[in-house]
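Read the structure below first, then the notes.
The values are calculated or read from the model by the stated rules, or taken from the named source; none is laboratory data. Because the structure is a prediction, the values reported are computed rather than measured. Ideal geometry is used to build each Cβ from the backbone, glycine not excepted, and the neighbour counts take in all protein chains shown.
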Amino acid sequence: MFCWRWEFSYSLWSSSDRMEKRLSVSIKKIVGQPNPKEGKWSNVLVFEPEDEKLERRRGQLFAVLDLTGSAALDLSQFGKLTFETLREVYYSSEEPSPLQALEEAIHKAQHRLVRLVFGPKGAVPDSALNYNFAAAVLWGTVLYLAKFGASGIYLYRGAVIEELGETKDGKVFSASGMVRDKDVVVLGSSDFRRTFSVGELPEVLNNMDSLVEDLGRPPGVSGLVLRLNLDLVPGKEEEVMIAPVAEKLSLFAKLQARIPKTLILGLVLLFLAASVFTIRKRQVDFKAAEAAKLLSSAEQTLSDAKQYVGLNDSRARELFLKAREDFEAAEGVGGEVLGLSEKMKEIEALLDQVNKVKRVEPQVVEGVGVNFDLLSELDSPPEVGDLVVDTGTYFGNVYFLVPSENQILKSVPAGDGYSTPKYWVTTENPLLTDAVAMAIDGFIYVLKSDGAVLKFEKGELAFDFGLKELDRPLAEPRAIFTTVDSEHLYILDAGNQRLVVTDKNGLYQSQYVYGEVLTDPTDLSVDEAVGVIYLLGAAKVYRVAL
């Protein structure tokens, strides 16, 4: 445990004088004793750049990190590399503000740590690792804070101490604000946070040495205490330029007597114009900051989403969509974003991956022997009216979908022809008035205009299943296909220019997006054995490989 002090200063200028504000910082470090057998490690980072320009640009960096994992992991080495990444990324970041640079540094440090442990060359691929960050940057009199996980950040101001920030859903909490004289900022590891409650911290801060000694420096308890003192110090230029108030007023009165009123009016107008410019500039700066924050959030969300691909595609899809939304919002707030089109293409490609989308170009084929009119294959088909919207056959029987009658009609072979079609559905209200197509494999699957699919067995409605795990709802569904030999259901979704594949309980499997090639498809047929999809559109048959 160590304690030391340093000072740095910077200047604030006005048009007529100079004030120098000096911030002194007293730092106390608490570092847990390493104990590999417990699978716990914690430590602190304090970094002040030697390069004066870098210090003015980014300030001083403070951080606390704790790791918990298998005893087989070299947590000390992982912690050291994580701190190195945090420091290097923060001071080399091209982000416009220290807060955005700090968020970026935490994200990249976190990702490097995950890759070290769980990546292709990870030390123990099957191990579990828990990690928590707390970080702060002092830049002038501005304090920037960020945390991830269960670490603690506390602000002790006046007689009030409060814990800052709460992380949810794997997000980084960040905040910023102006420091005040006598502020105390505490960064603590997750075990520090569990060991000392908020109510106990004032006493802890006053008796830290003895309390830590009593605890015996447990491996998971680490922290930083930053005590801040602000002093206003007159600069040399200010001492020279200060004049008595009465003399200043007298000088202004003399100048006013000598300067023409038109010139005074001109000066007033110039001042007003400058004020308008300043307001507009602040508005632009605000928009730029807001856009930068959205971009930072989008980048982090995109990075998080990639980690779920193949493990939890549903969660990955949700995050990719959020990232896309944030990128678009950033452009809406701050104008053109360089590289945005490439970023959006990347997101679309990743969405295709998690949504199992295959983008295809159907090819026109001729003479393939695919018949989309089943009645034309019958020698003496039953006579039906114009109200039939779809037809199917099964073991010689013919079925007709008639939404206007809320029914499916059935006709069986009789003599040289077929019997008069009769009502087949026995369910009291089968909900067929908005049906658009059907397919038969022993069950009858009815596709409705809202995208729902009804499954009938022996005339009874077995169940109404909504299609599950779709990336977006069906829009203008037109046809459905399956056979007794088919493994899947195939649905023609004309509104989204795609063919959706599900299992026979409605669970999404994949989709084929055909784009603008087919402008008005009306029907489909699938041969799973051969691996071919046939689509009918504008009196032409198109072929797509499964």
Next on the checklist: When the residues of segment 347-366 are narrowed to those that are out of contact with any strand residue (DSSP E or B) (no Cβ under 9 Å at 6 or more places or on another chain) and without any contact (Cβ under 8 Å) to a residue 40 or more places away in the chain, which ends up farthest from Asn496 (Cα to Cα)?
Outcome noted: Ala349
Checklist outcome for this item: Scanning segment 388-412 for residues that are touching a residue at least 40 places away in the same chain (Cβ under 8 Å) and either touching a Lys or Arg at 6+ places or on another chain (Cβ under 7 Å) or not assigned by TED's automatic domain parsing to the domain that holds Ser376 (or both) gives Tyr399
Checklist entry - Could you list, in sequence order, the residues of segment 154-188 that are of a type in the set (A, V, I, L, M, F, W, C) and farther than 26 Å from Leu302 by Cβ? => result Leu155, Ala159, Val160, Ile161, Leu164, Met178, Val179, Val184, Val185, Val186, Leu187
Checklist entry - Tell me, which strands (runs of 3 or more DSSP E) lie completely within segment 152-198 with 3 or more residues that are in the same structural domain as Gly59 (by TED's automatic domain parsing), among the small types (Gly, Ala, Ser) and under 26 Å from the mean Cα position of the chain (by Cα)? => result 173-178
Checklist entry - List pairs: first in segment 179-192 and closer than 17 Å to Glu166 by Cβ, second part of a strand (DSSP E or B) and aromatic (Phe, Trp, Tyr), Cβ under 9 Å, 6+ apart or cross-chain? => result Val186/Tyr154; Val186/Tyr156; Leu187/Phe62; Leu187/Tyr154; Gly188/Tyr154
Next on the checklist: Of all residues being among the basic types (Lys, Arg) and modelled with pLDDT under 70 in segment 273-317, which is surrounded by the most Cβ atoms within 10 Å (Cβ to Cβ)? Just the residue, please.
Outcome noted: Lys287
Checklist entry - Out of curiosity, is Val484 assigned to a strand (DSSP E or B) and touching a residue at least 12 places away in the same chain (Cβ under 8 Å)? => result no
Item to check | Pairs, first within 20 Å of Gly396 (Cβ to Cβ) in segment 413-442, second small (Gly, Ala, Ser) and exposed (fewer than 13 other Cβ atoms within 10 Å of the Cβ), C-beta under 8 Å, six or more apart | outcome: Pro413/Gly396; Asp416/Ser380; Gly417/Ser380; Tyr418/Ser380
Item to check | Sole exception among (1) buried (at least 16 other Cβ atoms within 10 Å of the Cβ); (2) touching a residue at least 24 places away in the same chain (Cβ under 8 Å) for Ala529, by number | outcome: (1)
Checklist outcome for this item: In segment 509-521, residues that are free of Cβ contacts under 8 Å to residues at least 60 places away in the same chain and in a strand (DSSP E or B) total 1
Next on the checklist: Looking only at residues that are farther than 14 Å from Gly459 by Cβ and part of a strand (DSSP E or B) in segment 416-430, which one is modelled with the lowest pLDDT?
Outcome noted: Gly417
Item to check | Lone unmet requirement of (1) under 32 Å from the mean Cα position of the chain (by Cα); (2) of a type in the set (Asp, Glu); (3) assigned to a strand (DSSP E or B) for Asp471 | outcome: (3)
Checklist entry - Is it true that Val360 is surrounded by 14 or more Cβ atoms within 10 Å (Cβ to Cβ), within 20 Å of Asp527 (Cα to Cα) and modelled with pLDDT of 90 or more? => result yes
Next on the checklist: Among the residues of segment 328-349, are any of a type in the set (A, V, I, L, M), modelled with pLDDT of 85 or more, under 15 Å from Asp471 (Cβ atoms) and surrounded by fewer than 17 Cβ atoms within 10 Å (Cβ to Cβ)?
Outcome noted: yes
